[in-house]
Amino acid sequence: MAHHAPLTAAGPQFALADVDPASTPGFDGGKKAGRRALAKGAAELAELQERLFAAGLNGDRRSVLLVLQAMDTAGKGGVVSHVVGSVDVQGVALHAFKAPTDEEKAHDVLWRIRRELPAPGMLGVFDRSHYEDVLIHRVHALASPEVIEARYAAIVDFEAELVAAGTTIVKVMLHISPQEQRDRLLARLDDPTKQWKYSPGDVDERELWGRYMEEYEIAIRRTSTPDAPWYVVPADHKFARLAVQRLLTDALRGLDLHWPRPDYDVAAERARLLP
């Protein structure tokens, strides 16, 4: 694969058409090199996450939240399994947001999101998120343009509030091409062990591809801020896993986490254990 510039945060002039779903920004190796790099990066990510978890148990209020958005088959599950799955699960809070329940519909759209925010010391992962309430609602006209506009502003305020309270937010759109999605959907149909993942509704949404791309672009432009930037990760290749691993690692490195100092006398405890 050709070498590309490293992944950068999306700005207010971001154009989705400028991102090639088949590209691998910042990485110029093949599949084997990608797997090796992912395995190598897993150890550092796991240690950093453990430091975050240990700090949380010792009064540190900080946390990390990974927000994953994508069209179907783009690889959210693979990121959860192969990237987040490489760290200690007791320090992970994963939530997959489905269509809202009647109870959730009775509240504002951020109500159900607030209930799933990561506690101090936790790595939170949202498989879909509050962005469904601007993306799907615009594409299917489930809310008026005025309501959607208000939601963009509410989301920006909400995320600023989280950051101020100590949550580092990593927002990722996995960007797949319609051709690659078609191939992945066909592969699901051809494999009896994967047919349970297939939903005829995915094809209905696929027919609205252009609309979805427009709405993703608008949402990213309106809600990518210095404190909570969006990263659009090309997802036609498994490179996406490596890219998200690097984003999480960078976020955790930025917290400058240290192992908590013991609140006991190490020498005295050693003496108690050794006759």
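The values are calculated or read from the model by the stated rules, or taken from the named source; none is laboratory data. Since the model is a prediction, treat every value here as computed from it, not as a measurement. We place every Cβ from the backbone using ideal geometry, glycine too, and count neighbours over all the protein chains shown. Accessible surface is based on the protein model in full, side chains and every heavy atom, while ligands, DNA and RNA are left aside. Shrake-Rupley method; radii C 1.70, N 1.55, O 1.52, S 1.80 Å.
For the range 22-79, the tally of residues that are more than 24 Å from Glu159 (Cα to Cα), of a type outside the set (Gly, Ala, Ser) and in contact with a strand residue (DSSP E or B) (Cβ under 8 Å, 6 or more places away or on another chain) stands at 2. The condition of being open to solvent by less than 60 Å² (accessible area, probe 1.4 Å), of a type outside the set (Gly, Ala, Ser) and within 14 Å of Glu215 (Cα to Cα) holds for only one of Arg184, Arg151, Arg188, that being Arg151. Evaluation of Asp202 against the conditions (1) open to solvent by less than 50 Å² (accessible area, probe 1.4 Å); (2) at pLDDT 95 or above; (3) in contact with a Leu (Cβ under 9 Å, 6 or more places away or on another chain) shows that the sole unmet condition is (2). Considering the range 20-51, the residues that are under 26 Å from Ser63 (Cα atoms) and touching a Leu at 6+ places or on another chain (Cβ under 8 Å) include one that is most open to solvent (accessible area, probe 1.4 Å), namely Arg51.
Of everything listed in (1) within 20 Å of Val232 (Cα to Cα); (2) open to solvent by less than 60 Å² (accessible area, probe 1.4 Å), the single unmet condition for Ala17 is (2). For the range 214-241, a residue qualifies if it is farther than 16 Å from Leu174 by Cα and open to solvent by less than 20 Å² (accessible area, probe 1.4 Å), and the qualifying residues are Thr223, Ala228. The range 161-269 holds helices (runs of 4 or more DSSP H) entirely within its bounds, and those carrying 3 or more residues that are touching a residue at least 24 places away in the same chain (Cβ under 8 Å) and within 20 Å of Pro12 (Cα to Cα) map to 209-223.
In the list Leu48, Leu52, Leu16, Leu38, which residue meets the criterion of being under 19 Å from the mean Cα position of the chain (by Cα), more than 18 Å from Asp250 (Cβ to Cβ) and touching a residue at least 24 places away in the same chain (Cβ under 8 Å)? Give the steps one after another, and end with the answer.
Working: Leu48 fails: more than 18 Å from Asp250 (Cβ to Cβ); Leu52 fails: more than 18 Å from Asp250 (Cβ to Cβ); Leu38 fails: more than 18 Å from Asp250 (Cβ to Cβ).
Within the list Leu48, Leu52, Leu16, Leu38, the selection yields Leu16.
Residues in the range 1-10 that are at pLDDT 90 or above and either among the charged types (D, E, K, R) or surrounded by fewer than 18 Cβ atoms within 10 Å (Cβ to Cβ) (or both): 1 in all. Candidates Val125, Val64: the one that is open to solvent by less than 20 Å² (accessible area, probe 1.4 Å) and in contact with a Ser or Thr (Cβ under 6 Å, 6 or more places away or on another chain) is Val64.
Summed over the range 52-61, the residues that are crowded, with 17+ Cβ neighbours inside 10 Å and farther than 20 Å from Ala228 by Cα give a count of 4.
Given the structure, is Asp250 of a type outside the set (A, V, I, L, M), surrounded by fewer than 18 Cβ atoms within 10 Å (Cβ to Cβ), modelled with pLDDT of 95 or more and within 18 Å of the chain's Cα centre (by Cα)?
yes
Do you know which residues across the range 133-172 are farther than 17 Å from Glu116 by Cα and touching a strand residue (DSSP E or B) at 6+ places or on another chain (Cβ under 6 Å)? If the condition is that a residue be farther than 17 Å from Glu116 by Cα and touching a strand residue (DSSP E or B) at 6+ places or on another chain (Cβ under 6 Å), then Val172 is the only one that fits. Every condition in (1) closer than 28 Å to Val84 by Cβ; (2) open to solvent by 20 Å² or more (accessible area, probe 1.4 Å) holds for Arg261 except the one numbered (1).
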